[in-house]
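Dropping the structure in here first, questions after.
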Amino acid sequence: GDSVTQMEGPVTLSEEAFLTINCTYTATGYPSLFWYVQYPGEGLQLLLKATKADDKGSNKGFEATYRKETTSFHLEKGSVQVSDSAVYFCALSDPSTGANSKLTFGKGITLSVRP
Amino acid sequence: DGGITQSPKYLFRKEGQNVTLSCEQNLNHDAMYWYRQDPGQGLRLIYYSQIVNDFQKGDIAEGYSVSREKKESFPLTVTSAQKNPTAFYLCASSINRAITEAFFGQGTRLTVV
């Protein structure tokens, strides 16, 4: 079945540091890929998405490129801020599953940014 | 504003009692989902519904029940059969079964004492 694997956390960075959060996936077909962010005590918000190979999703300074050859969708930001402290989830939806299409999530990783 | 509303935000119940969590959306989405979030385990799918009057079990449906009598509503009942009900519950919706984006509610934190 479909699965998403995220790097182990938590991650602690200083403000303005470079961020990379790794995400790899296994899917039957050609999935759409997502990064969601969760701030403390809240639901999830879509951060960015990519629907086909080589697409780059971007938002709020974050970027991720859909790499079919390495089945990866790593999240990057050039300069993190304290306000980026949150939990980040990688997810996929696989349209080849047809009637059972659903979102599959990784375990999430907590990012803390120090001033 | 369109969105998903979960209520209440915090819920306390005694062990052995059934409890129903509310989820309402005004996005005119066909598909709705319930996830459970536990520390270190990410999100796990409980139930989902792709159309009114139809729903399917997710990965951890035991001890839960749902209904989908109206397009905008997808309530989740946590029954006394659920062995570890204390968790953060998230409701989501997408425009249809081909998920290009899912929208989430703010969540309900259920504590069973």
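The values are calculated or read from the model by the stated rules, or taken from the named source; none is laboratory data. Quick caveat: nothing in here was measured; it's all calculated off a predicted structure. Positions of Cβ are backbone-derived with ideal geometry, glycine not excepted, and every protein chain shown enters the neighbour counts. Side chains included, ligands, DNA and RNA excluded: accessible areas come from the protein's heavy atoms. Shrake-Rupley method; radii C 1.70, N 1.55, O 1.52, S 1.80 Å.
Quick one: count up the residues across segment B:68-82 that are open to solvent by 50 Å² or more (accessible area, probe 1.4 Å) and either within 14 Å of chain A (Cβ to nearest Cβ) or under 19 Å from A:Leu44 (Cα atoms) (or both).
Residues meeting the conditions: 0.
Further question on the same structure: Looking only at segment A:21-77, which residues are aromatic (Phe, Trp, Tyr), touching a residue at least 60 places away in the same chain (Cβ under 8 Å) and over 17 Å from B:Ala102 (Cα atoms)?
A:Tyr25, A:Tyr30, listed by residue number.
A further question follows. Which residues, taken from segment A:7-64, are more than 14 Å from chain B (Cβ to nearest Cβ) and under 19 Å from A:Pro95 (Cα atoms)?
Answer for segment A:7-64, where residues must be more than 14 Å from chain B (Cβ to nearest Cβ) and under 19 Å from A:Pro95 (Cα atoms): A:Thr24, A:Thr26, A:Thr28, A:Ala53, A:Asp54.
Pairs, please: C-beta under 8 Å, at least 6 apart or cross-chain, first residue within 13 Å of A:Gln38 (Cβ to Cβ) and in segment B:102-113, second open to solvent by less than 10 Å² (accessible area, probe 1.4 Å) and outside any strand (DSSP E or B)?
Listed pairs, sorted by first residue: B:Phe104/A:Gly43; B:Gly105/A:Gly43; B:Gln106/A:Gly43; B:Gly107/A:Gly43.
Among all residue pairs at least 6 apart or on different chains, which show Cβ distances below 8 Å where the first residue, located in segment B:1-19, is closer than 15 Å to B:Met32 by Cβ and the second is among the aromatic types (Phe, Trp, Tyr)?
What qualifies is B:Gly3/B:Phe103; B:Ile4/B:Phe103; B:Ile4/B:Phe104; B:Gln6/B:Tyr89.
Among (1) open to solvent by 40 Å² or more (accessible area, probe 1.4 Å); (2) away from chain A (no Cβ under 13 Å), which single condition is B:Pro85 missing?
Among (1) open to solvent by 40 Å² or more (accessible area, probe 1.4 Å); (2) away from chain A (no Cβ under 13 Å), B:Pro85 violates only (1).
Related question: Here are the criteria: (1) away from chain A (no Cβ under 14 Å); (2) over 13 Å from the mean Cα position of the chain (by Cα); (3) at negative phi; (4) not aliphatic (A, V, I, L, M). Tell me which single one B:Asn28 does not satisfy.
(3)
Which is more than 8 Å from chain A (Cβ to nearest Cβ), buried (at least 16 other Cβ atoms within 10 Å of the Cβ) and either at pLDDT below 95 or under 17 Å from A:Phe105 (Cα atoms) (or both), of B:Ser93, B:Ser7, B:Ser65?
B:Ser93
Let me ask something else about it. Could you say whether any residue in segment B:44-53 is aromatic (Phe, Trp, Tyr), touching an Asp or Glu at 6+ places or on another chain (Cβ under 8 Å) and surrounded by 15 or more Cβ atoms within 10 Å (Cβ to Cβ)?
no
Considering only segment B:5-25, state which residues are under 14 Å from the mean Cα position of the chain (by Cα) and among the basic types (Lys, Arg).
Residue satisfying the conditions is B:Lys9 alone.
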